[in-house]
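A.B. asks: This is the structure I have questions about; it appears just below.
The values are calculated or read from the model by the stated rules, or taken from the named source; none is laboratory data. Just so we're clear, the structure is a prediction, and the values are computed from it rather than from any experiment. Virtual Cβ from ideal backbone geometry, glycine too; neighbours counted across all protein chains shown.
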Amino acid sequence: MKNWLIVANAAKARVLEETAEAGTYDTVADLVHPQSRQKGSALAHDRPGHVPGPSAHGTGSSALDAHLTPTEREHDRFARELATLINESVASGRCAGLVLVASNPFLGHVKAHLSDGAQRALLRAVAADYTSLPERELADRVGAASGAY
């Protein structure tokens, strides 16, 4: 059981496990969610804030307040997917502790979906998008941004 480093943004995430050699990691998972990069008009089939079909008629108006845009909904869907992986790994004992590095506001979305056990295993959270960095530079940046990891 080792610590994990998770580097994510709303469209992709790398889940890395620390190795015995400092600054090197084994890849546990690479997750990609291309829907997070699509335009909202490509994700939604109806006008925002309206209910299509028979439920639109009745005693009230068919207009609804849109709480999440289609893009925000996809970001949340991916945050749930990543959090589920983390929650299950912590619960099964595969992950002892984790450092979560994610872009804003995606970091908040992921943290909101973490279980109590995963919240306790969270060693550090860093608001930054390091998804495109190579492993060596990643280790340096995470260490510099949040103290020694």
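A.B. asks: So is D30 loosely packed, with under 14 Cβ neighbours inside 10 Å and modelled with pLDDT of 80 or more or not?
C.D. replies: Taking the combined requirement at face value, the residue satisfies it.
A.B. asks: What residue, of V126, V90, V110, is part of a strand (DSSP E or B) and crowded, with 16+ Cβ neighbours inside 10 Å? Lay out the reasoning, then the answer.
C.D. replies: Details: V90 fails: part of a strand (DSSP E or B); V110 fails: part of a strand (DSSP E or B).
After ruling out the rest, the residue left standing is V126.
A.B. asks: What about A121, is it in contact with a helix residue (DSSP H, G or I) (Cβ under 8 Å, 6 or more places away or on another chain) and either surrounded by fewer than 17 Cβ atoms within 10 Å (Cβ to Cβ) or among the charged types (D, E, K, R) (or both)?
C.D. replies: So A121 does not fit the description; no.
A.B. asks: Is at least one residue of segment 69-77 modelled with pLDDT of 90 or more, in a helix (DSSP H, G or I), on the phi < 0 side of the Ramachandran plot and surrounded by 12 or more Cβ atoms within 10 Å (Cβ to Cβ)? Break it down stepwise before answering.
C.D. replies: Initially, segment 69-77 is screened for residues modelled with pLDDT of 90 or more, giving 76-77.
With the extra rule that they be in a helix (DSSP H, G or I), the set shrinks to 76-77.
Pick out the ones that are also on the phi < 0 side of the Ramachandran plot and you get 76-77.
In the following step, the residues that additionally are surrounded by 12 or more Cβ atoms within 10 Å (Cβ to Cβ) were identified as 76-77.
Yes, that holds for at least one residue.
A.B. asks: Here's a follow-up. Please verify whether S115 is surrounded by 15 or more Cβ atoms within 10 Å (Cβ to Cβ) and closer than 21 Å to Y25 by Cα, treating the condition exactly as stated. Walk me through it before giving the result.
C.D. replies: On the way: surrounded by 15 or more Cβ atoms within 10 Å (Cβ to Cβ): yes; closer than 21 Å to Y25 by Cα: no.
No: the conditions fail for S115.
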